[in-house]
Amino acid sequence: MPFNINFYQDQILTGGATSTPLGPLPRLLYVRDGEVALNGRDLRAGESAAASDGCEVAGRAEWSQVWRWEVDLPNSPHTLLAGDDVLTIHRMSRLITTLDLVRGSEWLFRLDQITSRAGHISDPHTHPGPGIRCLLRGTFNIEQHGERYRGGVPGEPWWESGDDEVVFWGSQTMEASFLRGMVLPTSHAGSATGTRRTDDPNRRRANWTLHTDELFTVPSEDR
């Protein structure tokens, strides 16, 4: 069954709130700036949560930005926030073609973070599932089959299929950090991903931080 990973950037002003909740979907959120209440729970900048049962957001700062990843059918309308002093920008959608998301099957929706030191160049590597990345700080370059990304700045997303071998590098003077919203087999819950071409034990790797692992079941019918 074909499904998309969709990536949105929401903006909310103080007092702004959703007038209509977003419906149930596999969904991960990260507060990039400011502070929001997500389903009544306060989240500050740098914090994340899953909201797969539905999503209501309210602003708790002068201006807040939330990055939002969702898994949905490719022909579904975009899930844009509705209400006063809220705004959604749809940044990217990509079709999952490397995993077979059959009805009723269980998968892992992950939000994690990679931070690489200044001057770091990754080994060629693959991942067990696809995802949309978004740069947090620094600048970034990747090379992979079918998707090239050069000189990215914070807030810009890109796609990695998982199967295609990729190499990334940042600048010589500043570390680079990015978030990944990925769909993975459930066997990877709690553990890092990435299969490298080299097994050099002295090779330094980028730092990995797990934000949220959310198990989800592919729905038995369309919404």
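The values are calculated or read from the model by the stated rules, or taken from the named source; none is laboratory data. Keep in mind it's a predicted model, so treat the numbers as computed, not measured. In this analysis, Cβ positions are derived from the backbone assuming ideal geometry, glycine residues included, and neighbour counts consider all displayed protein chains. Areas reflect the complete protein model, heavy atoms only, side chains present, ligands, DNA and RNA absent. Shrake-Rupley method; radii C 1.70, N 1.55, O 1.52, S 1.80 Å.
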**Request:** For segment 145-157, state whether one or more residues are at pLDDT below 80, more than 20 Å from LEU111 (Cβ to Cβ) and of a type in the set (Ser, Thr, Tyr).
**Result:** no
**Asked** Restricting attention to segment 126-143, which residues are free of Cβ contacts under 8 Å to residues at least 40 places away in the same chain, within 18 Å of LEU179 (Cβ to Cβ) and part of a strand (DSSP E or B)?
**Response** PHE140, ASN141, ILE142
**Asked** Out of the residues in segment 111-125 that are in a loop (DSSP other than H, G, I, E, B) and not polar (S, T, N, Q), which is least open to solvent (accessible area, probe 1.4 Å)?
**Response** HIS120
**Message:** Pairs please, first residue from segment 88-110 and assigned to a strand (DSSP E or B), second anywhere and among the hydroxyl-bearing types (Ser, Thr, Tyr) and open to solvent by 30 Å² or more (accessible area, probe 1.4 Å), Cβ atoms under 7 Å, 6+ apart in sequence or on different chains.
**Reply:** GLU106/THR186; GLU106/THR217; TRP107/THR186; LEU108/THR186
**Message:** What are the pairs with Cβ atoms under 7 angstrom where one residue, in segment 13-42, is at positive phi and among the small types (Gly, Ala, Ser) and the other, located anywhere, is open to solvent by 20 Å² or more (accessible area, probe 1.4 Å) and not in a strand (DSSP E or B)? Sequence gap at least six, or different chains.
**Reply:** GLY15/ASP85; GLY34/ALA45; GLY34/ALA61
**Asked** Do you know which residues across segment 31-47 are open to solvent by 20 Å² or more (accessible area, probe 1.4 Å) and touching a strand residue (DSSP E or B) at 6+ places or on another chain (Cβ under 8 Å)?
**Response** ARG32, ASP33, GLY34, GLU35, ASN39, ARG41, ASP42, ARG44, ALA45, GLY46, GLU47
**Request:** Check whether at least one residue in segment 66-73 is open to solvent by 20 Å² or more (accessible area, probe 1.4 Å) and either touching a His at 6+ places or on another chain (Cβ under 8 Å) or touching a residue at least 12 places away in the same chain (Cβ under 8 Å) (or both), and report yes or no.
**Result:** no
**Prompt:** When only residues in segment 162-179 that are touching a Lys or Arg at 6+ places or on another chain (Cβ under 8 Å) and crowded, with 20+ Cβ neighbours inside 10 Å count, which is nearest to ARG27 (Cα to Cα)?
**Reply:** LEU179
**Request:** For residues that are under 18 Å from ASP213 (Cα atoms) and open to solvent by 20 Å² or more (accessible area, probe 1.4 Å), tally how many sit in segment 49-61.
**Result:** 3
**Candidate set: segment 49-77, residues that are among the charged types (D, E, K, R) and part of a strand (DSSP E or B); chosen: the one nearest to THR97 (Cα to Cα)** = ASP72
**Asked** Has segment 151-166 got at least one residue that is part of a strand (DSSP E or B) and free of Cβ contacts under 8 Å to residues at least 24 places away in the same chain?
**Response** yes
**Asked** Can you name the number of the only condition in (1) assigned to a strand (DSSP E or B); (2) touching a residue at least 40 places away in the same chain (Cβ under 8 Å); (3) not aromatic (Phe, Trp, Tyr) that MET174 fails?
**Response** (1)
